[in-house]
Structures are given as C-alpha cells and as structure tokens.
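Engineer: So that we are looking at the same thing, I have put the structure below in structure tokens.
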Amino acid sequence: MIASDSKKLKLLRYKGLIMVLVGATLWGLSGTVAQRLFQDEGFTPGWLVTMRLLISGILLLITGCFRKNFHQVFVVWHEPKDRIRLVIFGIIGMLGVQYTYFVAIQTGNAATATLLQYLAPLFIMLYLAIKYNRIPNYQEFIALGFALLGTFLLVTNGSLQQLSVSSASIAWGLSSAIALAFYTLYPSGLLQRWGSEVIIGWGMIIGGIALCPIASPWQIQGQHWSVITGLLVSFVIVFGTAIAFYLYIDSLRYITPTEASLLASAEPLSAVAASVIWLRLPLSLFEGIGGLCIVSTVLMLSLRPKKSSKTL
C-alpha cells in the first residue's frame with residue numbers, strides 16, 4: 001500500500017513537472033508568434049494584448065467556476081480593500097507586464113525581449129534588499145554579476161561600438177522585467193486568500209478593459225487576416241496565454257513553487273529556439289552566452305535560501 005502511494009505521488013510530481021514545461025514552452029512560443037504577427041501581418045501590440053487578456057481572463061474565470069463555484073469567483077469583489085488591490089494588480093501588474101513585453105518584441109525580437117524580461121528576479125532581489133535594509137549575500141552578488149554580463153553581451157553582441165538591438169527594445173524589455181517583478185510580488189496576499197485562477201483571471205479582464213480605450217478589439221485596420229493569421233492569433237490567446245497560465249497554476253498542486261519557477265526557464269529557451277529555427281533570427285556566440293548568463297541568474301536566485309517571505 002505504501003509503495004503504491006509512493007508511486008502515485010511520484011507520477012503526480014512528474015505530471016506537475018511536465019505541465020510547467022509545456023506551459024513555459026507555450027509562453028515562449030507565443031512571443032515568437034506575436035513577433036510574426038507584428039512584423040509581417042500588420043498587428044499591433046495594443047490590440048493583441050487587449051484580445052489576449054480579455055479572452056484568456058474569461059476562459060480562466062469560467063474554469064474557476066467549474067473547479068470551485070460561481071460564488072468563489074465573484075466574492076473577491078465584496079471586499080473593498082481587496083477590490084482596490086485587484087484593480088491595481090490588473091492595470092499595473094498584468095497589463096504592465098503584457099504590454100511592455102509585446103512592445104519589446106515589436107521594437108526588437110521575441111528572443112531578446114523574453115530574456116530581458118527574465119531579469120525580473122534580479123529586480124525582486126534588489127527591491128527586497130533595499131526594503132529590508134540587508135546586503136545581498138555572495139550568491140546574490142554572483143547572480144547580479146551574471147545578469148549584468150548577460151545583459152551586456154545580449155544587447156551589444158560583445159562590442160562597445162553599437163547595440164545589437166534597438167535602444168527602444170532594451171528600454172521596453174527592462175520595463176517588462178520591472179513590471180514582472182511587481183506582478184510577482186504585489187498579489188501574494190490576494191493569491192493566498194482567493195486563489196490563482198480567480199486573481200489572474202480578473203487581473204487579465206481588468207487589464208484588457210483598461211487598454212480598450214487605446215486599443216479596442218474592433219480596431220483592426222491594417223491587419224492582414226487569413227486562415228493562417230487567425231490560427232496564429234488563436235495560438236497566442238488560447239495556447240500561449242489561457243492554457244499556459246492554467247498549466248502553470250495547476251502544476252502547483254503537484255510540485256513546489258521553487259521547482260515551478262526553475263522549470264519556467266524553459267520560456268526564454270523556447271523563445272530563442274523558435275526565433276532561430278522558425279523566424280531565422282541570427283544568434284551570435286556572444287548573444288547566446290548572454291542569454292545563458294541571464295538564465296543562470298534565474299536559476300541561482302530561485303535556488304537561494306529563502307530568508308524572508310515578506311512581499312509588498
């Protein structure tokens with residue numbers, strides 16, 4: 001009986017690991033697909049983010065209604081304090097990270113944008129060090145060095161003469177990393193009280209509604225629609241957002257958050273691989289080393305001992 005239970009737990013853990021890997025890979029691939037839509041099909045980041053957030057948010061809340069119940073999905077709005085925090089998370093966190101990331105792709109490429117976004121753990125480390133007035137330990141200093149070296153190699157291709165990507169893409173990519181750091185830290189209390197599906201689903205809908213006055217879903221001028229572009233847009237919205245988020249969230253039933261965050265590093269790797277193979281993006285040796293340095297930063301910061309669970 002004990003052996004049977006142990007085998008079942010092991011299979012569930014493998015299930016969780018596979019779910020994270022698939023979800024992270026879908027995230028990375030969605031960035032590459034978005035690049036194709038921006039560069040070749042006339043789509044804009046604002047429109048795609050609006051559609052991505054609204055539809056994915058609705059799908060996640062519907063899933064939440066089935067997995068929990070209707071009351072649990074909507075009861076968060078009964079608490080005034082949580083209502084305000086949820087709106088802040090939806091606009092600054094969810095919309096902020098999605099929009100800055102997609103603009104970084106439009107002004108550069110999916111591989112660089114995804115890698116720059118993955119500097120978020122570094123900003124989290126620096127914020128917590130300042131907030132709690134503590135000096136980073138040696139492991140964090142090493143991670144900082146890897147992050148700076150990786151960013152330098154990624155954006156300069158090892159040359160001080162010129163940048164390998166536009167300065168706008170770098171600025172938007174770093175903004176995306178800061179937004180992701182906020183997105184990670186801010187909603188911890190909300191997530192504990194109401195659950196990931198509810199908070200992320202509502203956050204997406206709030207972010208999508210906030211962007212509608214600027215990039216409404218019916219503003220499709222200049223877009224080149226066909227069966228192929230329809231499939232690409234559907235992939236970004238359904239597979240690259242709704243399903244990817246669901247797999248990541250649900251995996252936490254079977255594995256630890258640390259394991260999930262480590263395996264989520266598959267996102268930049270899949271974005272780089274898809275960009276090189278599908279979009280024929282030239283990747284130099286220095287850019288490749290820079291990308292590996294940034295991924296190494298994520299791994300080191302994820303594996304460091306957790307001294308404090310405090311957040312914003």
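Engineer: Ranked from the most accessible area to the least, with a 1.4 Å probe and all protein chains present, what is the order of Thr241, Thr44? Mind dumping the intermediate values first?
Structural biologist: On the way: Thr241 0, Thr44 65 Å².
Of Thr241, Thr44, the descending order of accessible area is Thr44, Thr241.
Engineer: Mind listing the phi-derived Karplus ³J(HN,Hα) values for the range 266-283, rounded to whole Hz, using 6.51, -1.76 and 1.60 with θ = phi - 60°, and x for any glycine or proline?
Structural biologist: Ordered by residue, 3J(HN,Hα) equals 5, 4, x, 5, 5, 5, 5, 4, 5, 5, 6, 7, 8, 8, 6, 6, x, 10 Hz.
Engineer: Which order do you get for Lys8, Lys131 if you rank them by accessible area with a 1.4 Å probe, largest at the top?
Structural biologist: Correct descending sequence by accessible area is Lys8, Lys131.
Engineer: Per residue, what volume in Å³ does the Cα convex hull of the range 31-84 take up?
Structural biologist: Normalising the Cα hull of the range 31-84 by residue number yields 100 Å³.
Engineer: Just to be sure I understand: with springs between alpha-carbon atoms less than 10 Å apart, which residue in Ile18, Ile209, Ile130 has the highest mean-square fluctuation in the Gaussian network model of the chain?
Structural biologist: Maximum among the listed residues: Ile130.
Engineer: Would the chain count as rounded, prolate or oblate if I go by the C-alpha gyration tensor, calling it rounded below 1.5 in a/c and otherwise prolate when a/b exceeds b/c, oblate otherwise?
Structural biologist: On the way: a/c = 1.39, a/b = 1.07, b/c = 1.29.
The shape class here is rounded.
Engineer: Net charge within 15 Å of Phe245 by Cβ-Cβ distance, Lys/Arg positive one each and Asp/Glu negative one each, not counting Phe245 itself?
Structural biologist: Combined, the nearby Lys, Arg, Asp and Glu give 0.
Engineer: Just by accessible area at a 1.4 angstrom probe, what is the order of Val272, Val198 from largest to smallest?
Structural biologist: The residues order as Val272, Val198, largest area first.
The values are calculated or read from the model by the stated rules, or taken from the named source; none is laboratory data. Bear in mind the structure is a predicted one, so any value in this text is a computation, not a measurement. With ideal geometry, Cβ positions are generated from the backbone for all residues, glycine too; neighbour counts draw on all protein chains shown. For accessibility, only protein heavy atoms count, side chains too; no ligands or nucleic acids. Shrake-Rupley method; radii C 1.70, N 1.55, O 1.52, S 1.80 Å.
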